[in-house]
Structures are given as C-alpha cells and as structure tokens.
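The values are calculated or read from the model by the stated rules, or taken from the named source; none is laboratory data. No experiment lies behind these values; they were computed from the predicted model shown. Here the Cβ is made from the backbone with ideal geometry for all residues, glycine too, and neighbour counts use every protein chain on show.
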Amino acid sequence: MWKERNLAFFITDIISVIAGVYVGIFILSKLGYYISTYDKISNIILLPLITIIVFAYTDMYNFFSYIDRINYIYRTSKSLLYTFIVYLVFNLIFRHSILTRRKFIFAIFVIVSIIIYIERLFIYSLILKILPKKKIVIFVPKGETKGIDKFLKENKNIHVEIVKIVRREEEIDKFFGNNYTFFVVLHTKDYAEVLKTLKRFMNKEKVLLYSEINKKIKNVPYWCYFSGIPLIPFRWSGKGKFYLFLKRLTDIIGSVIGIIIFSPFILLFSILIKFTSKGGVYFKQKRLNLLNKEFTCIKFRTMYSNMDDTIHKEYVKNLIKGKKREGNVFKMVKDPRITPIGNVLRKTSLDEIPQFFNVLKGDLSLVGPRPPTKYEFEEYAEWHRERLNVKQGITGFWQVFGRSQLPFDESVFLDIYYVYNRSFWMDLHLIFQTIPNVIFGQGAY
C-alpha cells in the first residue's frame, strides 16, 4: 500500500507545481508585467521536472520519509530549497529577462511552496482516511521495545497497525511474505550480532532497526526518528540489472567528465610532485575489489619515495582494533612520510583524482566502499568483509557522513548499510555530497 501513497504524492506534486506556475503567471500579469509565451511554456515544463527529480533525489517518495511529521516538514522544506536553487541556476543560465530572473522566480517559488505544503498535508490526511493501515511486526528478541509499540498505538498520524510483537527468532519466519514492515529492536552494541539478525530479513521485507549502535552514528539523512528514537531503514535494494546498468553508465559519464574537468590540475599536480620530491608522479598499489579480486589502484604520490610501510601496517592493525590515533581522529595525522604537497592533496582528497581512470576502466565505481589493501583485509573480522560484496568506489557513505571522525567499526557499518540499500538516487546523493567535503577538506587528513 505504500506504493499507492507514494504515487499519490508523485502525481499531486506535479499538479501542484503546474498550478503554482499558472497562479504566479496570473498574479504577475494582473500586476502589469509581461510574460512571454516562451517563459510560460518553459516554466510549466521545467519546474515540475526539476521538482520531481529533486524530490526523488532527496528521498521524498517513500514510506520512511514521512513517518515522523516534524522530520517530514523539515525534509519537505529542504527539498523545496534545493528545487529553488536548481531552478534559479537554470534560469540564470538560459534566461535573459530581468523579470524572469527576479520577480517571476521568487513569485513562482513562494506560490509553489505554499501549494505543495497544502497539497501534501491534504493528501496525508486523505491517506489516513481512505487507505488501509500499514501492518507492522515488532521483533524484539531480548529486553524492552523502547516504547516503539506504545508510540505506534497512540500516534494516529503514523497510520500503522501492530500485527504482533515477536520475541522468539523461530516465530519470525511465518510473518514473511505478507508485505509487513518489521521493527527490529536489538539491545546490543555488537555489530556482528546486529548484521546476523538483519540477514534473516534480507530481500524479504522492509526493516526499521533500533539498536544501541544507532546512537553512535548521527547526522545521516537516511536515518529516521520516532518520537526521538533513531531508526535505521533497510530496503535491500540495488541488485537489479537496470540499476547496475545505470550505475555503470554513470561511472563512464562521470569519470570522463571528471578527467576533463581536472585535466589542468592533473598537469599542475604532476609538475609540483615531480619538482618538490624525488620519485614518480603516481603511486600504484594493489587493492581488493568485489569478491576479493585484486586490481592496481592509482593515486598521486603523496609520500617520499621508498618509504617503509611498516608504520601504516601497524596503524591499520590498531585502527581495526578500535584504537584512536589522535584525539577524536581515527586516521593517521602528521605522518612523517608525507610530502608538503602531499599534505595538501590528502587534506582535499585530490590525490585520488587519477582514480577516475580506474573508474573508466571498470576497476572502481564512483560510489562504493573504499578498496582495502590485502594486509588490511587480513585484519578484518568476518562481518567487516561484507563491505566487499559490491564494487568498491572513490567515495561512499563513510566518506560523506563520517570521514575520519568515526571509529573503524562505525565506518564499516556505514559501508555495509550502503551495500544493503544502494540505489541510483543514493549514488547521486553521495556524489553531490562529496563535493563540499572535498572543497572544504572536511574530516580528511
């Protein structure tokens, strides 16, 4: 039934945006402003298209986006702001009229925003009255439900019905195949135990996870909240052939664009590296990819030549065991092996520009967990190795939402979350989120 809800929002969003454009044109025309036929038609076509793409990109067309009303309003506001920015950029590039650039854009944005807020609240209320409730099964093998059952029963806006609270693992299988959503409540900080439990639901049903590890990883937009309780959604997506086709197509287009855009920097950095320290321009290293397959990963050389990797091997071993290096940083800082230009490249992650060639070749993807070295892989616990169940990438979940501020286990959990939930829109989101991280050097060392 959640597909019907999503379709209702999708259709009414398009209608609302078109209505907003017409109302804006009508008001400005009554105020004496001339609006050309070209502007009318182009905006009626362009703005709905931008809105739908941005709303899909910000994950507004799924059940988890409107579980909590406050979070739902916040996400709607953020999505509308993104829509306005994209709409403004398009108009600045392709328009010439002062009216179109200022009064028209502002009037349309305000009117469309108001109409979308009204429309979504109306559709939300209509859903509560017309469509049947979503059936929920709460699985809590140990301890209390953390008040989730009470919250679901008392909050009528959630529009769900609790079918059963299950406490024994052997009972859970009989609820599969009925299109239920499962609330899994685990009172543990053990990542291996959490993932073992989640595998019972893999590719079967949607899951909202609550565990002690939820409190460790914060500020991830895909997380949702029930009355302040952080929940992690699992959808088991990203395994279809069409998604893999889109991902490879995006990799090819993105890597070609990246190589073209960064070609002046490739030349500049090559000269700086060559003339500031002895050795070659590039650093080539064997890394592991999907299903532990080895490939040669290319980076700009950021270290002095012929440096012993014993320091890094020892650091990796300590990192995986959970030992911090400096303060709250879980990545090696002030490494004596790094050159001055290497420090700059690492701070901005620009040392990884040559990996666009790895992506173009097919060794890497633009988005995916970072490829480990063989000696790093050998230190992994069994559950860590699940991050290699997809093609590795240049950027990923922990690079965007954790960077070097998260311990190793939390970083790997973010990677595995991506493995279980990846989608085309998530990939685009992570690509665009990576850009400000690179520009401002957030969390890199």
Practice item. Test residue 300 against the criterion of being among the aromatic types (Phe, Trp, Tyr) and either free of Cβ contacts under 8 Å to residues at least 60 places away in the same chain or closer than 23 Å to residue 397 by Cα (or both), and give yes or no. Key: yes
Check your understanding: Are any residues in the range 98-116 at pLDDT below 85 and either outside the structural domain of residue 24 (by TED's automatic domain parsing) or touching a helix residue (DSSP H, G or I) at 6+ places or on another chain (Cβ under 7 Å) (or both), and if so, which ones?
Key -> 100, 101, 103, 104, 105, 107, 108, 109
Practice item. Tell me which residues, restricted to the range 168-189, are surrounded by 15 or more Cβ atoms within 10 Å (Cβ to Cβ), of a type outside the set (Val, Ile, Thr) and part of a loop (DSSP other than H, G, I, E, B). Key: 180
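Anything in the range 259-297 that is of a type in the set (A, V, I, L, M, F, W, C), free of Cβ contacts under 8 Å to residues at least 12 places away in the same chain and farther than 15 Å from residue 345 by Cα? List them, or say none. Give the steps one after another, and end with the answer.
Here is the first cut: in the range 259-297, the residues of a type in the set (A, V, I, L, M, F, W, C) are 259-262, 265-269, 271-273, 275, 281, 283, 288, 290-291, 295, 297.
After this cut, where a residue has to be free of Cβ contacts under 8 Å to residues at least 12 places away in the same chain as well, the list is 260-261, 267-268, 271, 275.
Passing the criteria: 260, 261, 275.
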Check your understanding: All but one of (1) part of a helix (DSSP H, G or I); (2) surrounded by 15 or more Cβ atoms within 10 Å (Cβ to Cβ) hold for residue 207; which doesn't?
Key -> (1)
Check your understanding: Does the range 3-17 contain at least one residue that is over 25 Å from the mean Cα position of the chain (by Cα) and modelled with pLDDT under 85?
Key -> no
Practice item. State all residues of the range 190-204 that are surrounded by 14 or more Cβ atoms within 10 Å (Cβ to Cβ), assigned to a loop (DSSP other than H, G, I, E, B) and of a type in the set (A, V, I, L, M, F, W, C); if no residue qualifies, say none. Key: 201
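Here's the yes/no breakdown for (1) within 24 Å of residue 436 (Cα to Cα); (2) in contact with a helix residue (DSSP H, G or I) (Cβ under 6 Å, 6 or more places away or on another chain):
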{"position": "340", "(1), (2)": "yes, no"}
{"position": "346", "(1), (2)": "yes, no"}
{"position": "351", "(1), (2)": "yes, yes"}
{"position": "356", "(1), (2)": "yes, yes"}
{"position": "359", "(1), (2)": "yes, yes"}
{"position": "364", "(1), (2)": "yes, yes"}
{"position": "376", "(1), (2)": "no, yes"}
{"position": "385", "(1), (2)": "no, no"}
Revision key, fill the gap. Condition set modelled with pLDDT of 90 or more, buried (at least 22 other Cβ atoms within 10 Å of the Cβ) and farther than 14 Å from residue 352 by Cβ, scope the range 385-409, selection farthest from the chain's Cα centre (by Cα): answer is 388
Review point. Condition test on residue 255, is it surrounded by fewer than 17 Cβ atoms within 10 Å (Cβ to Cβ), under 29 Å from the mean Cα position of the chain (by Cα) and among the small types (Gly, Ala, Ser)?
Key: no
Check your understanding: Name the residues in the range 259-314 that are of a type in the set (D, E, K, R) and part of a helix (DSSP H, G or I), would you?
Key -> 274, 313, 314
Check your understanding: residue 123 passes all but one of (1) in a helix (DSSP H, G or I); (2) surrounded by fewer than 15 Cβ atoms within 10 Å (Cβ to Cβ); (3) modelled with pLDDT under 80; which number fails?
Key -> (2)
Check your understanding: Which one is surrounded by the fewest Cβ atoms within 10 Å (Cβ to Cβ), of the residues in the range 303-323 that are within 22 Å of residue 339 (Cα to Cα) and touching a residue at least 60 places away in the same chain (Cβ under 8 Å)?
Key -> 313
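Given the criterion of a type outside the set (A, V, I, L, M, F, W, C) and not assigned by TED's automatic domain parsing to the domain that holds residue 396, identify the matching residue among 258, 177.
Values: 258 fails: not assigned by TED's automatic domain parsing to the domain that holds residue 396.
On inspection, the qualifying residue turns out to be 177.
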